[in-house]
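Written below as structure tokens is the structure these notes are about.
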Amino acid sequence: MDAKRFAVPVIIALVGATDYDSNPCVDARGERLFFASSRPGGAGAMDIYVSAHRNGRWEAPRNVGSAVNTPAAELWTALSPDGRYLFFNSSRKIGDPAFERKPLTYQQLIKKIRSAGNGSTDIYRIELSALKLD
């Protein structure tokens with residue numbers, strides 16, 4: 001590879017950078033950075049955070065809240081091209097707890113594994129306006 005063709009990456013300094021931060025995405029205007037983090041005080045194993053870019057620097061990240069984050073892990077952020085929706089993965093489980101306590105047949109297990117809400121990182125979306133970020 002020709003080293004002259006590539007720029008040197010720059011670390012984005014965020015408050016609490018000692019925590020595990022991953023899966024970033026930036027809005028089309030370069031004003032908001034969404035990412036997943038294991039920062040203390042979150043709702044679960046990984047939460048989605050946002051940092052605003054103002055006056056030439058990234059502000060302290062804030063948790064986007066309970067409309068997105070759960071006691072499970074939320075990660076893999078992406079924004080729709082029009083900037084209207086935030087997409088993310090979640091390992092939240094949706095279902096009947098009583099059903100999960102019973103032994104499953106092979107067919108029931110396969111159906112559960114292939115169904116949405118099985119706790120195996122389903123993809124969700126939410127309108128950014130619902131997060132009240134401004």
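Just so you know, all these numbers are worked out from the coordinates, no wet-lab data involved. Everything quoted here is computed from the prediction, not taken from an experiment. Every residue, glycine as well, gets a Cβ built from its backbone with ideal geometry; the counts of neighbours run over all protein chains shown.
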Out of PRO81, TYR124, TRP58 - ranked by how far each Cα lies towards the positive end of the dipole of the chain, with unit charges on the beta-carbon of charged residues - the top one is TYR124
Which three numbers, in whole Å and largest first, are the semi-axes of the equivalent ellipsoid of region 1-81 derived from its Cα gyration tensor as √(5λ)? 25, 14, 14
Under the helix-only model (-39500 (n - 2.57) for each DSSP H run of 4 or more, divided by the residues of the chain), the mean residue ellipticity at 222 nm, to 500 deg cm²/dmol, is -2500 deg cm²/dmol
With Rg from the Cα atoms and Rh as the Kirkwood inverse mean 1/r over Cα pairs, region 18-129 has an Rg/Rh of 1.08
With a 10 Å cut-off between alpha carbons and a GNM built on the chain, which of ASN89, ASN23, ASN55 moves the most? ASN55
